[in-house]
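These notes are about the structure you will find just below.
The values are calculated or read from the model by the stated rules, or taken from the named source; none is laboratory data. No experiment lies behind these values; they were computed from the predicted model shown. Cβ placement follows ideal geometry from the backbone for every residue including glycine, while neighbour counts extend to all protein chains displayed. Heavy atoms of the whole protein, side chains included, go into the accessibility calculation; ligands, DNA and RNA do not. Shrake-Rupley method; radii C 1.70, N 1.55, O 1.52, S 1.80 Å.
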Amino acid sequence: MARGDIIRKLFRSFSQENREEFYAVAKQLIQEEKDKHHILLAQDLERILQSNYPRKLVSNTSPWNVYPEVPKDKDTGLPLIVISRYELGWENVVLYPENQEILERIIQENRKREIIYSHGLKPSSKLLFCGPPGCGKTLTAKVLSSMLNLPLVYVSLPAVFSSYLGETGVNLKKIFDYVHNGEWVVLLDEFDAIAKDRNSPNEHGEIQRLVNSLLQLIDQSNEQSIFIAATNHQSLLDPAIWRRFDEVLFFDKPNSELRYLLLKKNLSSIQYKDIDLEKFAASLKGCAGADIERICANAIKSVILRSERYLTEKDMEIAVSHYLERKGIVEKSIKFMELDMKGENE
């Protein structure tokens with residue numbers, strides 16, 4: 001078949017949502033590139049097709065982002081992972097420049113994977129995100145998946161725990177077996193829930209076996225996927241965990257410059273004037289990115305509820321004041337809880 005006919009057929013099958021025909025024609029096009037000895041192009045096209053096309057073909061009326069049935073917990077029947085796609089870019093997240101530089105390099109390495117392999121090297125594919133909560137770890141994983149055009153597999157590790165002895169290890173293997181056959185960005189959230197220090201006197205044999213199992217699964221994991229482990233409690237991690245990762249990124253609370261950028265980003269949906277954002281950025285020392293997002297959302301909602309168009313400095317002052325009151329309640333509650341726990345242990 002002439003190349004022009006192949007391209008016409010490819011576009012026609014896409015417009016008609018004929019998934020089976022689209023896949024068959026795409027494979028034919030890839031084979032043609034192989035026959036022309038365009039090996040790198042053929043491999044790239046095949047990788048893109050396999051990473052975005054479900055391995056179990058379903059009816060033509062099904063959405064394009066359908067994937068094989070996800071693994072489930074034997075005890076509860078609940079899914080162990082959630083698969084999502086995002087359309088995000090660097091403009092959707094505010095990062096320290098050094099972290100963004102590392103991530104941009106990782107994206108380049110994985111986009112040019114064949115060239116890296118041809119020099120006997122491997123692209124960075126295992127990342128550890130650590131730092132305080134609300135500082136952009138999960139959002140950055142979503143941006144990374146979007147920029148690599150890969151689905152994000154979200155794994156909440158506390159949800160992987162089973163009440164049956166040994167079943168948690170089985171759940172972990174189910175997850176790694178599932179992602180082994182595809183190309184994904186895999187986010188292992190709350191990583192410290194399982195990857196705890198095996199030498200801690202408070203941990204029992206089951207946790208030690210889980211950590212051993214997790215280390216083996218990480219070592220044997222699919223190099224075609226990006227694995228991101230995220231934790232707010234990096235001090236709890238087992239020492240052997242750290243060397244399993246190609247890069248470790250610390251997501252710290254934003255400085256004044258980043259707080260200013262976060263305010264601008266989160267207020268971009270509303271009109272405002274005569275608001276000194278630098279002043280507010282300076283006053284929000286110690287805030288995480290999620291805190292600033294909440295402050296801006298509350299300020300914008302107050303404008304919407306008044307049926308007005310412009311955000312005022314007074315709206316921002318009220319939103320900041322509300323945040324500080326909320327923060328005080330949370331800190332006081334945590335302090336009382338710690339005192340109660342201390343009393344029980346004495």
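Details
- Efficiency of FRET from Cβ geometry, L40 and T76, R₀ 56 Å, rounded to 0.05: 0.80
- For W90, W242, the ranking by accessible surface with the largest value first comes to W242, W90, using a 1.4 Å probe.
- Take every DSSP beta bridge whose two residues both sit in the chain; close to 20 percent of them are antiparallel.
- Measuring only protein heavy atoms, the 1.4 Å probe finds V170 accessible over about 70 Å².
- With all pairs of separate Cα atoms included, the chain yields a Kirkwood hydrodynamic radius of 23.4 Å.
- Taking amide H as placed 1.01 Å from N in the peptide plane, Y272 has its amide H under 5 Å from the amide H of L311, each at least 5 places away in sequence or on another chain.
- In range of the label at L305: residues from the range 282-298 whose backbone nitrogen is under 11 Å from the point 7 Å along Cα→Cβ: 298
- MRE, 222 nm, helices only [DSSP H, n ≥ 4, -39500 (n - 2.57), over the chain, to nearest 500]: -16500 deg cm²/dmol
- Note on M316: accessible area is roughly 0 Å² with a 1.4 Å probe, heavy atoms of protein only.
- Carbon/sulfur fraction of accessible area - the range 102-190, other protein chains in place, 1.4 Å, %: 59 percent
- Residue-count net charge about I226 - beta-carbon cut-off 15 Å; Lys, Arg +1, Asp, Glu -1: +4
- Of the trypsin sites (Lys or Arg not before Pro) found in the range 253-287, the ones in coil according to DSSP and having at most 12 other Cβ atoms within 10 Å of their Cβ are K273, K285.
- Counted charge near P79, where neighbours are those whose Cβ lies closer than 11 Å (Asp, Glu -1; Lys, Arg +1): 0
- Summarising the label geometry, the points placed 7 Å from Cα in the beta-carbon direction at L88 and I329 lie 2.8 nm from one another.
- Protein heavy-atom accessible surface, 1.4 Å probe, per residue over the range 219-346: 62 Å².
- The 1.4 Å probe gives accessible areas that order E33, E325, largest first, as E325, E33.
- Angle of helix 137-147 to the longest C-alpha principal axis of the chain, folded into 0 to 90 degrees and rounded to 10: 30°.
- Contact order normalised by residue count of the chain, Cα under 8 Å, 6+ apart, percent: 16 percent
- Charge tally for I39 (other residues, Cβ to Cβ under 9 Å; Lys, Arg +1; Asp, Glu -1): -1.
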